[in-house]
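Shown next, in structure tokens, is the structure this report addresses.
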Number of protein chains: 2
Amino acid sequence: MQGRILSIQSHVSFGYVGGKAAVFPLQCLGFDVDVVNTVNFSNHSGYGRAGGSKVAAAELKAVFDGMHENELINPARILTGYIPGAEALSTIADIVQKLIDEDPSRIYLLDPVMGDAGRLYVAEDVIPVYQRMLHMATIITPNWFEVETLTETPLHDMGSLRCALRTLHTKYGVPHVVISSIPLSGWLATALPESVRPAAGSTEEHLLCITSSRCVDREDSERVASVVHARAVPLIPGYFSGVGDMFSALVLGHYDRMSASAATSHTPVSTATSWALARTHVVLQRTHEYSMSLPEDERQPSDDEKDRANPHPKTRRMRGRELRLVQSQDILRDETQPPELMPWTDFWMAIATTVVACIRAREWKTSNCKLMGQA
Amino acid sequence: MQGRILSIQSHVSFGYVGGKAAVFPLQCLGFDVDVVNTVNFSNHSGYGRAGGSKVAAAELKAVFDGMHENELINPARILTGYIPGAEALSTIADIVQKLIDEDPSRIYLLDPVMGDAGRLYVAEDVIPVYQRMLHMATIITPNWFEVETLTETPLHDMGSLRCALRTLHTKYGVPHVVISSIPLSGWLATALPESVRPAAGSTEEHLLCITSSRCVDREDSERVASVVHARAVPLIPGYFSGVGDMFSALVLGHYDRMSASAATSHTPVSTATSWALARTHVVLQRTHEYSMSLPEDERQPSDDEKDRANPHPKTRRMRGRELRLVQSQDILRDETQPPELMPWTDFWMAIATTVVACIRAREWKTSNCKLMGQA
């Protein structure tokens with residue numbers, strides 16, 4: 001018996017983003033999932049056109065009031081994803097806060113879905129609401145752009161990356177941060193430990209995933225830093241939707257707070273992320289292979305100008321790249337241990353060489369570290 | 001590759017009715033399911049209270065328009081369930097009609113969800129809309145009360161049962177009718193063939209399931225009758241919600257129009273129903289066992305008067321009887337052949353002894369029968 005997960009995110013009739021990408025994998029892992037839809041659309045926004053509407057804050061509240069009156073809200077874990085308006089998000093924030101106040105052992109994975117690759121796709125007033133929600137989360141799964149947005153820190157070197165992580169762990173009190181699908185740019189590839197770095201010349205064919213778990217110095221409990229793990233995965237070409245939603249669900253589904261021990265070099269979240277990464281990679285591989293098997297006009301790229309004149313080639317490409325989730329259920333349920341993320345032991349140690357005002361722990365040693373919330 | 005199923009029915013955040021009971025089993029069977037929600041409620045109506053609302057006809061249309069514009073409506077199979085208003089149902093009827101006109105090989109399972117045990121739980125003007133939709137269906141899965149309502153025939157003896165089935169097959173042109181969960185009353189138990197009848201004295205501890213597949217006389221193509229199959233399954237005590245929704249989905253998921261041959265005594269729908277019955281039975285058994293393992297105050301029956309004063313014991317009972325669907329995924333995916341339904345060979349042959357005006361084929365022989373749509 002895996003327990004219940006309350007999932008609050010978007011619904012689309014066709015394809016796999018939001019709840020459609022998250023709920024089935026969690027059910028395959030054995031969880032009962034309570035599904036609250038924040039939008040009801042025909043398809044994801046990548047198609048350029050969609051029918052349906054967002055669910056108003058009052059309607060969301062009515063659904064939760066109904067569950068509450070019937071004593072039906074008792075999740076062991078909470079997952080929030082795409083919630084496009086500040087009013088709806090504030091309503092959800094209140095509900096999650098109440099659930100965590102009631103039982104602080106509840107695990108909350110907050111995926112601050114706001115945008116990607118420099119482009120915001122929610123209203124700007126959503127940002128401060130997410131910033132206020134961060135302190136409730138057990139795990140957050142922002143992408144690179146969302147880390148920059150939440151911390152107001154452009155990421156252009158190791159110093160700014162450390163600064164952003166420290167902001168999330170200390171200012172916002174987030175225990176675990178997972179950043180996936182990071183383009184392996186020059187400075188990041190150079191800074192990577194040997195054990196994580198892809199073979200020379202192939203860094204651009206990889207994406208990086210980092211986890212960072214907050215910990216405190218055993219001797220100086222005021223001093224907060226984190227244990228960082230990383231893994232590079234081969235890049236699968238092309239654009240896929242719903243990958244982040246599926247990945248976050250898999251991190252939450254595989255998270256086991258008891259799984260880390262002093263004997264291993266892993267944290268509960270680095271282990272959960274290794275499962276999520278491996279499963280996500282296979283689903284993407286299968287999706288890629290499927291899309292490559294389609295007739296040429298359903299997969300060849302076309303340019304924006306042509307798409308405006310005739311949107312159908314674009315929608316056909318999109319359709320051919322919907323996640324092969326149902327066809328990958330064997331992998332979602334597979335219990336074979338995946339390769340673990342590797343410790344990035346000198347992530348904070350090398351810090352003395354970088355001038356970053358917001359970092360206090362200048363010679364942090366991970367061996368000295370006690371994970372927050374661990375015995 | 002199993003293909004796509006378009007599922008149009010209710011959504012509840014908590015528990016398993018409508019789409020929540022239908023979609024996961026179909027996904028386990030390997031189908032991509034396009035999920036259109038006709039209501040968004042916190043929970044099923046059995047709890048007595050719920051938050052949320054029905055989806056307006058215009059909103060449903062907008063979702064389908066969005067899918068249509070993006071060329072995303074291409075299901076091999078269609079499943080419709082609870083659609084509570086006549087306007088919304090008419091909208092869905094138009095959409096399904098168009099899909100079947102486009103490709104008559106599409107398999108459409110229509111579950112005319114209207115009520116149970118003598119009580120209608122949709123608006124009355126929904127009935128004529130369902131009657132108009134029947135001719136589009138490949139399979140319908142009404143319960144006993146819905147058969148009576150659709151055919152306007154109270155079922156009180158074999159004559160009225162034959163009359164109702166004939167009305168569905170001839171007046172409304174339905175190829176396959178599946179009626180499950182029929183209480184085994186005296187006259188029905190008496191009429192059952194030996195091979196189907198439960199041991200003497202135990203009929204009341206069983207429910208009957210009947211399938212009826214329309215066929216035409218090889219010699220007289222004007223003469224239409226049907227091949228009837230049946231099976232009695234042990235009754236599991238207590239009330240469960242969503243069973244019909246899960247059962248209908250499983251019938252559709254297992255339906256294989258090529259599965260019948262002259263060599264076997266089964267029809268495609270009797271075989272599909274045998275799979276659906278066996279899987280449903282195990283899910284109910286597990287749900288029953290789970291509910292019996294709960295603390296006493298969450299399972300003991302209470303009376304209506306006490307429930308009005310304090311609704312919580314009732315909601316706790318309901319909660320403990322939500323289908324153990326996720327916990328039964330091994331069974332949903334199990335490929336072990338279940339026991340087949342048995343042919344009810346004298347269903348129509350015995351007809352000469354009953355005076356039923358609407359029956360023309362007085363000495364129908366199943367051996368003379370050619371299933372509609374079969375080669």
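The values are calculated or read from the model by the stated rules, or taken from the named source; none is laboratory data. The model shown is predicted, which means the values in this text are computed figures rather than measured ones. Here the Cβ is made from the backbone with ideal geometry for all residues, glycine too, and neighbour counts use every protein chain on show. Each accessible area value is taken on the protein alone, full model and side chains, heavy atoms only, with ligands, DNA and RNA left out. Shrake-Rupley method; radii C 1.70, N 1.55, O 1.52, S 1.80 Å.
Take A:LYS171, push a point 7 Å out from Cα through the beta-carbon direction, and compare it with the same point in every other copy: 7.3 nm, smallest first. Dipole orientation for the protein assembly as shown: of the candidates B:LEU188, B:PHE64, A:PRO311, B:LEU188 has the Cα lying most toward the positive pole (charges on Cβ; Lys, Arg +1; Asp, Glu -1). For chain A, a Gaussian network of Cα nodes joined below 10 Å ranks A:MET67, A:MET136, A:MET246 by mean-square fluctuation, and the top entry is A:MET67.
Residue by residue, region B:280-292 carries 3J(HN,Hα) couplings of 4, 4, 5, 4, 5, 4, 5, 5, 4, 4, 4, 5, 6 Hz when phi is fed to the Karplus relation 6.51 cos²θ - 1.76 cosθ + 1.60 (θ = phi - 60°); x denotes Gly or Pro.
Inter-copy label distances at B:ARG119, shortest first and taken from points set 7 Å along Cα to Cβ: 5.2 nm.
In debye, nearest 20: dipole of chain A around its Cα centre with unit charges on the Cβ of K, R (+) and D, E (-)? Each step should come with its number before you reach the end.
Working: 35 positive and 43 negative charges, 61 e Å.
Around 300 debye, computed over chain A.
Its Cα centre serving as origin, the protein assembly as shown has a Cβ charge dipole (Lys and Arg +1, Asp and Glu -1) of approximately 460 debye.
Just to confirm, what accessible area per residue do you get for chain B at 1.4 Å probe, in whole Å²? Each step should come with its number before you reach the end.
Details: 15110 Å² over 375 residues.
Per-residue accessible area for chain B comes out at 40 Å².
GNM on chain B, alpha-carbon springs under 10 angstrom: the most fluctuating residue among B:SER248, B:SER180, B:SER328 is B:SER328. Projecting the Cα atoms of A:MET292, A:ALA249, A:GLY320 onto the charge dipole of region A:4-371 (Cβ charges, centred on the Cα centre) puts A:MET292 farthest toward the positive pole.
Residues of region B:56-75 buried by at least 40 Å² of accessible area upon assembly of all protein chains, compared with the chain on its own (1.4 Å probe): B:GLU59, B:VAL63, B:GLU69, B:ASN70, B:GLU71, B:LEU72.
Sort largest first and round to whole Å: the equivalent ellipsoid semi-axes of the protein assembly as shown, each the square root of five times a Cα gyration tensor eigenvalue. Can you show the working numbers first?
Details: eigenvalues 560, 153, 102 Å².
The three semi-axes for the protein assembly as shown are 53, 28, 23 Å.
In region A:318-335, burial by the other protein chains removes 10 Å² or more of 1.4 Å probe accessible surface, compared with the chain on its own, from A:ARG319, A:ARG324, A:VAL326, A:GLN327, A:GLN329, A:ARG333. Comparing B:VAL39, B:VAL63, B:VAL126 in a Gaussian network model of chain B (Cα springs below 10 Å), the most mobile by mean-square fluctuation is B:VAL63.
Using a 1.4 Å probe over protein heavy atoms, the accessible area lost on pairing A with B, summed over both chains, comes to approximately 3900 Å². For chain B, averaging the sequence separation of C-alpha pairs within contact (under 8 Å, six or more residues apart) and dividing by the residue count gives a relative contact order of 16 percent.
I'd like the distance separating the alpha-carbon centroids of region B:33-62 and region A:15-59, in whole Å. Here the two parts' Cα centres lie 14 Å apart.
Split the accessible area of region B:32-126 by element, probe 1.4 Å, and carbon with sulfur accounts for 50%.
The Cα atoms of region A:4-371 cover 60, 57, 40 Å along the three principal axes, with the biggest extent listed first.
Which aspartates and glutamates does A:LYS314 reach when only Cα atoms under 14 Å apart count, and residues fewer than 8 places away in its own chain are ignored? Filter leaves A:GLU296, A:ASP297, A:GLU298, A:ASP303, A:ASP304, A:GLU305, A:GLU322, B:GLU69, B:GLU71.
What fraction, in whole percent, of alpha-carbon pairs in region A:161-294 exceed 27 Å separation?
So the portion of pairs separated by more than 27 Å is 25 percent.
Take B:MET349: with every protein chain present and a 1.4 Å probe, its accessible area is about 100 Å².
Taking the charge dipole of region A:4-371 about its Cα centre, with +1 at Lys and Arg Cβ atoms and -1 at Asp and Glu Cβ atoms, the residue from A:PRO198, A:HIS11, A:ILE331 reaching farthest to the positive side is A:PRO198.
List the chymotrypsin sites (Phe, Trp or Tyr not before Pro) in region A:114-214 that DSSP assigns to loop (not H, G, I, E or B) and whose Cβ has at most 15 other Cβ atoms within 10 Å. Which are they? Show your work: numbers first, answer last.
Numbers: sites: A:TYR121, A:TYR130, A:TRP144, A:PHE145, A:TYR172, A:TRP187; in loops: A:TYR121, A:TYR172.
Passing sites in region A:114-214 are A:TYR121.
Using the alpha carbons alone, the radius of gyration of region A:1-77 stands to its Kirkwood radius in an Rg to Rh ratio of 1.01. For region B:98-113, backbone phi angles converted through the Karplus equation (6.51, -1.76, 1.60; θ = phi - 60°) give residue-by-residue couplings of 5, 5, 6, 4, 4, 8, x, 7, 5, 9, 10, 9, 9, 9, x, 5 Hz, Gly and Pro being listed as x. Looking at region B:154-263, the GluC sites (Glu not before Pro) that sit in a DSSP loop and have at most 14 other Cβ atoms within 10 Å of their own Cβ are B:GLU194, B:GLU219, B:GLU222.
With its label point defined 7 Å out from Cα along the Cα-to-Cβ axis, A:ARG223 lies at 9.6 nm from the matching points of the other copies, in increasing order.
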